Amino acid sequence: MIKGFKEFILRGNVIDLAVAVVIGAAFTAIVNALVEGFINPLIGVIFQLGDLSSWVWEVPTLSGGVSSFAIGAIVGALINFLAVAVIVYFVFVMPMNHWKERQAAKAGTGAPEEEPLPTEQELLVQIRDLLEKTTPAR
């Protein structure tokens, strides 16, 4: 049981995943600070809210009270997610894809080109020729 766990942990993809989680958490903190310190106040100025967190939609309830929907918090979370996704893509994914393409081109291990499939007419001709070979002459 320990041997199987050791093999699982030492696989490359598990370690890559662990590194990705750590880097993602670090970048999330950076992006959250950027969004909270710059983007949210900028949106607040544009919509004259002062701060995005103060954007609340209040709806009267049947009992006479008020129910508040924190629209600003939802928009802020969406902005945080998109900012993290964009940064991770352009900082990590895209450069890594370019690097892999260059390595594959240097090694000459590009995907081999496959032959195009025969057309329907070519298949019918092959079937006719096979039938002529197998049927006895009259």
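Selection of segment 12-27 for residues being loosely packed, with under 11 Cβ neighbours inside 10 Å and either in contact (Cβ under 8 Å) with a residue 24 or more places away in the chain or not hydrophobic (A, V, I, L, M, F, W, C) (or both) yields G12, N13, D16. Could you check, for segment 43-59, whether at least one of its residues is assigned to a helix (DSSP H, G or I), within 30 Å of L17 (Cβ to Cβ) and among the aliphatic types (A, V, I, L, M)? The answer is no; no qualifying residue exists. Restricting to segment 67-84, count the residues that are closer than 22 Å to F27 by Cβ and either modelled with pLDDT of 80 or more or hydrophobic (A, V, I, L, M, F, W, C) (or both). Within segment 67-84, residues that are closer than 22 Å to F27 by Cβ and either modelled with pLDDT of 80 or more or hydrophobic (A, V, I, L, M, F, W, C) (or both) number 10. Looking only at segment 28-39, decide whether some residue is assigned to a strand (DSSP E or B), at pLDDT 80 or above and either surrounded by 12 or more Cβ atoms within 10 Å (Cβ to Cβ) or among the aliphatic types (A, V, I, L, M) (or both). No, segment 28-39 contains no residue that is assigned to a strand (DSSP E or B), at pLDDT 80 or above and either surrounded by 12 or more Cβ atoms within 10 Å (Cβ to Cβ) or among the aliphatic types (A, V, I, L, M) (or both).
Against the condition on the phi > 0 side of the Ramachandran plot and of a type in the set (G, A, S), how does G64 come out, does it pass? Step through it out loud before you land on a result.
Numbers: on the phi > 0 side of the Ramachandran plot: yes; of a type in the set (G, A, S): yes.
So G64 passes the test.
Pairs meeting the criteria (first residue in segment 117-138 and acidic (D, E), second residue modelled with pLDDT of 90 or more and in a helix (DSSP H, G or I), beta carbons under 7 Å, at least 6 apart or on different chains) are lacking.
Set side by side, the residues E58, E132 differ, and just one is at pLDDT 80 or above and out of contact with any Ser or Thr (no Cβ under 8 Å at 6 or more places or on another chain), which is E132. Any residue in segment 72-91 that is out of contact with any His (no Cβ under 8 Å at 6 or more places or on another chain), more than 28 Å from F47 (Cβ to Cβ) and part of a helix (DSSP H, G or I)? For segment 72-91, residues out of contact with any His (no Cβ under 8 Å at 6 or more places or on another chain), more than 28 Å from F47 (Cβ to Cβ) and part of a helix (DSSP H, G or I): present.
When each of G110, G64 is tested for being at pLDDT below 80, more than 30 Å from V31 (Cβ to Cβ) and in a loop (DSSP other than H, G, I, E, B), the lone residue that passes is G110.
The values are calculated or read from the model by the stated rules, or taken from the named source; none is laboratory data. Bear in mind that the values here come from a model prediction, so they are computed numbers and not experimental data. Note that we place each Cβ from the backbone using ideal geometry, even for glycine, and neighbour counts take in every protein chain shown.
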